[in-house]
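The values are calculated or read from the model by the stated rules, or taken from the named source; none is laboratory data. Only a predicted model underlies this, so the values are computations on that prediction, with no experimental measurement involved. Note that we place each Cβ from the backbone using ideal geometry, even for glycine, and neighbour counts take in every protein chain shown. Surface accessibility is based on the protein's heavy atoms, side chains included, excluding ligands, DNA and RNA. Shrake-Rupley method; radii C 1.70, N 1.55, O 1.52, S 1.80 Å.
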Amino acid sequence: MATVIYQTNTGSSKQYAELLAEKLSLSVYPLSKSDAVDKNEDIIFIGWVMAGDIQGLAQAREKFTNIICVCPVGLSATEKTKEEIIAKNSVTEPVFLLPGNFH
């Protein structure tokens, strides 16, 4: 099984993480409280986007060896934005871009 790890700012990433974890019966943790998760666990990472950077992704990559997909959460959820985020963050995992909201 996988574990959902998230980094949130306005709460959108947390909402997506909790919904996904509930629907798939997975564990969910904010990145800041994920020390109990095995470093080799399959990870679904959800993080908010600021200026094209997926917040928390670099830390998650340092902490976990098997991120199986990345879900950036941002206000501009277009195919062009997705391509730019993938390139800027050197993402090789499957990417599912999710729309965010204002705080």
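Annotation: the antiparallel percentage among DSSP beta bridges lying fully within the chain is about 10. Per residue, the chain exposes an accessible area of 58 Å² to a 1.4 Å probe, with every protein chain left in place.
When the Cα positions of 2, 99, 37 are compared along the charge dipole of the chain, 99 comes out farthest toward the positive end, with charges on each C-beta of Lys, Arg, Asp and Glu.
Only aspartates and glutamates eight or more places from residue 14 in sequence, or on another chain, were considered; those with a Cα closer than 18 Å are 22, 35, 53. Would you mind pulling out the separation of the Cα centroids of region 67-103 and region 1-59, in Å? Going from one Cα centre to the other spans 13 Å.
Near residue 39, which lysines are there with a Cα under 18 Å away, not counting those fewer than 8 places off in the same chain? Excluding near neighbours in sequence, the set is 63. When Rg and the Kirkwood radius Rh are both evaluated on Cα atoms of the chain, their ratio Rg/Rh stands at 0.93. The fraction of accessible area contributed by carbon and sulfur in region 1-40 is 46 percent, rounded to a whole number (1.4 Å probe; ligands and nucleic acids excluded).
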